[in-house]
1. In the stretch 1-26, which residues are open to solvent by less than 50 Å² (accessible area, probe 1.4 Å) and in a helix (DSSP H, G or I)?
2. Within the stretch 142-196, how many residues turn out to be near the ligand (Cβ under 9 Å from one of its atoms) and either open to solvent by 40 Å² or more (accessible area, probe 1.4 Å) or at positive phi (or both)?
3. Could you tell me whether residue 96 is touching a Pro at 6+ places or on another chain (Cβ under 6 Å), within 30 Å of residue 230 (Cα to Cα) and either more than 10 Å from the ligand (Cβ to nearest atom) or of a type in the set (Gly, Ala, Ser) (or both)?
4. Restricting the first residue to the stretch 155-183 and requiring it to be assigned by TED's automatic domain parsing to the domain that holds residue 277, which pairs with a second residue that is modelled with pLDDT of 95 or more and in a loop (DSSP other than H, G, I, E, B) meet a Cβ separation below 7 Å and a spacing of at least six or different chains?
5. Tally the residues that are in contact (Cβ under 8 Å) with a residue 40 or more places away in the chain and among the basic types (Lys, Arg), restricting the search to the stretch 18-43.
6. In the stretch 299-320, what residues are assigned to a loop (DSSP other than H, G, I, E, B) and within 23 Å of the chain's Cα centre (by Cα)?
7. Residue 253: open to solvent by less than 50 Å² (accessible area, probe 1.4 Å) and at pLDDT below 95, yes or no?
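The values are calculated or read from the model by the stated rules, or taken from the named source; none is laboratory data. Note that the coordinates shown come from a computational prediction; the quantities given were computed from them, not determined experimentally. Cβ: placed from backbone, ideal geometry, glycine included. Neighbour counts: every protein chain shown. Protein only, heavy atoms only, side chains kept; ligands, DNA and RNA dropped before computing areas. Shrake-Rupley method; radii C 1.70, N 1.55, O 1.52, S 1.80 Å.
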Amino acid sequence: MSLRFIPVASPLKQYQTHRPAIDEAISRVLLSGRYILGDEVAGFERELARYLGARHCVTVANGTEALGLALQACGIRAGDEVVTVSHTAVATVAAIELIGAVPVFVDIDPVSRCMDHALIKRALSPRTRAILPVHIYGQPAAMEEICAVAARHDLRVVEDCAQACGAMIADRKAGTFGHAAAFSFYPTKNLGAIGDGGAVATDDPAVSERVRVLREYGWKDRYISSEQGMNSRLDEIQAAILRVKLPFLDAENARRRAIAEQFSSAIKGNSLVPPRPMSGTVHVMHLYVVESPERDALQAFLNERGIGTALHYPRAVHQQGAYVGRIRGSEDLPMTERLYETLISLPLYPELRDGEVKRICTALADWCSSR
Ligand SMILES: Cc1ncc(COP(=O)(O)O)c(C=O)c1O
């Protein structure tokens, strides 16, 4: 009997888990006759703000625009420099450039794989206006240290929480440390829609109001643009789906962590390097990324066992054609570049069945004992 292939991600399984409630939510919206910026969006914004412990939350069309609008609402303008990392989804950097700002890269800490806060100072210039750390793979970046540097140099901090909804530092959620934070509800995210979606969280009423205005053509009053804006609205159907899923997020994140612990035990003591959650933080294991000096062979081995893998990402941003040679800091990213030679993501989502987790653990243990 051939074993069923385990995909590296499965938004379909998420839908199947919550299917009756999602179907009911979609039908409720369809019959309401209100499809844009209605009660579902308002309800989800309230519920997400409460969940995060943020004063305000404004939904937008996707995570990339959430980042761009958050930066803009924090006063970042064309030509301003924003310090960030090259080890991220390209969207982080695309968002900075979307508003005409200028990304500058600093390297990552090899253990957390997030921005190395000790390197920020030397990346600053008279044009630096903001720091944009990324809570990569679900691991919160060192926000206290990053915010301290920002405070010393009068910089804004916008957190990229696309991969870290529900993650914590001490008893505070990621997304409540900076001046604003951006979330993505792309279907494979820990809190995923069935389509695109995003949100900005902030404690600052002026920032939230500005995002609200910018996400709809710069309207303060309907049909009257007080400034140049855009269309970046979350639709009612996606908001209703997200309202179904949000109450399950903590339990699903805990299930991700429990699975991750099993994977990490299976490879203990071997040359594979697992995620190493930083002490005092709650990692939400959006992706389970190991480092292997024999990455390609490991990928082929797992594929033969019916286990899907992926590379997040195949190249760092500064190594991609659109960005090569034109972003300051690109020439000094040794930790980022080293990681890209070895990283590989294993399947990790709350719907993985115990039998599938066991199959992955056995394959990992077999790989380790064969080396
Ligand atoms: C780290 C990071 N930032 C930003 C984004 C952008 O989100 P979206 O795909 O919703 O635009 C993503 C998701 O792709 C991401 O992983």
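1. Result: 13, 14, 21, 22, 25, 26.
2. Selection size over the stretch 142-196: 3.
3. Here the answer is yes, as residue 96 does meet what is asked.
4. Every condition considered, no pair remains.
5. 2
6. Selection gives 308, 309, 311, 312, 313, 314, 315, 316, 320.
7. Against the criterion (open to solvent by less than 50 Å² (accessible area, probe 1.4 Å) and at pLDDT below 95), residue 253 does not qualify.
Results for (1) in the same structural domain as residue 102 (by TED's automatic domain parsing); (2) more than 24 Å from residue 89 (Cβ to Cβ); (3) surrounded by fewer than 20 Cβ atoms within 10 Å (Cβ to Cβ); (4) not aliphatic (A, V, I, L, M), shown as yes or no for each residue.
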| residue | (1), (2), (3), (4) |
| --- | --- |
| 335 | no, no, yes, no |
| 340 | no, no, yes, yes |
| 353 | no, yes, yes, yes |
| 358 | no, yes, yes, yes |
| 364 | no, yes, no, no |
